[in-house]
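Scroll down for the structure; my scribbles are underneath it.
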Amino acid sequence: MRGEARRLFFVTGNKNKFAEARQFLPELLQANLDLIEIQGIDPKSIIRAKLLEARSRIAGSIIVEDTSLEFQCLNGLPGPLIKWFLKKMGNKRLAELAIKNNNTSAKAILWIGYIDPKGGIRYFSASLKGEIVSPKGHHGFGWDPIFRPLGHSKTLAEMTLAEKNSISMRARTFEKLRSCLQADFRK
């Protein structure tokens, strides 16, 4: 790949997500586009719609992501709708919901969609099991203060970026993407 085709854009307005992603793909460029996000519970449909809209606005290879946080006490909700639940309820009330239901088990899932210059789309994902706790910590973003990964004593918001990247679903998903891209660039 050359020129425009070699440029890899991560479509996000979130500087924290971008910083985490660049730990794995230093050549990554940020495209701060306001994309329409369809609402639903199928992450691949959400990502596909984002990728196609982004592709109509910028040239090159593009990645987008969608994060889900599934509460076991809510049969997997809010899932991909976590952004809206968080915006409406906040971390404290979300944590109270799980705690009051006596089931704090949760799973965080990150999906990345990649569209190459020819329009081929690939999906990558990884998950992280944990539990919902009362908000703790000041690092990270979003729901990091209420998610404590299984086997750890700290929430994601209490961890340093290095600690978080050593276990996070974002780190593992970007590793999968990086391996795929390296294989493609060797072709």
Checklist entry - Which order results if D116, D66, D34 are arranged by neighbouring Cβ count within 10 Å, fewest first? => result D34, D116, D66
Next on the checklist: Counting other C-beta atoms within 10 Å, and keeping those with at most 15, which DSSP coil GluC sites (Glu not before Pro) do you find in the range 58-154?
Outcome noted: none
Checklist entry - By count of other Cβ within 10 Å, fewest leading, how are C180, C73 ordered? => result C180, C73
Next on the checklist: Can you compute 3J(HN,Hα) from phi for each residue in the range 37-46, using the Karplus curve 6.51 cos²θ - 1.76 cosθ + 1.60 with θ = phi - 60°, rounded to whole Hz and x for Gly and Pro?
Outcome noted: 10, 5, 9, x, 10, 9, x, 5, 5, 4
Next on the checklist: Taking 22 Å as R0, compute the FRET efficiency from the Cβ-Cβ separation of L74 and I99 and round it to 0.05.
Outcome noted: 0.95
Checklist outcome for this item: When Y123, Y114 are arranged by how many other beta-carbons sit within 10 Å of their Cβ, fewest first, they go Y123, Y114
Next on the checklist: In the range 39-127, if the dipole is taken from +1 on Lys/Arg beta carbons and -1 on Asp/Glu beta carbons about the Cα centre, which of S56, I41, N101 is farthest to the positive end?
Outcome noted: S56
Checklist outcome for this item: Once the dipole of the chain is set up from charges on Cβ (+1 Lys and Arg, -1 Asp and Glu), the residue from the list A162, F10, A126 lying farthest towards its positive end is F10
Checklist entry - Spin-label point model (7 Å from Cα, Cβ direction): what's the H152 to C180 distance in nm? => result 2.4 nm
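Laboratory data are not the source of any read-out in this text; all were calculated from the coordinates shown. Keep in mind that this is a model prediction, so the values were computed, not measured. Note that each Cβ is placed from the backbone with ideal geometry, even for glycine, and that neighbours are counted across all protein chains shown.
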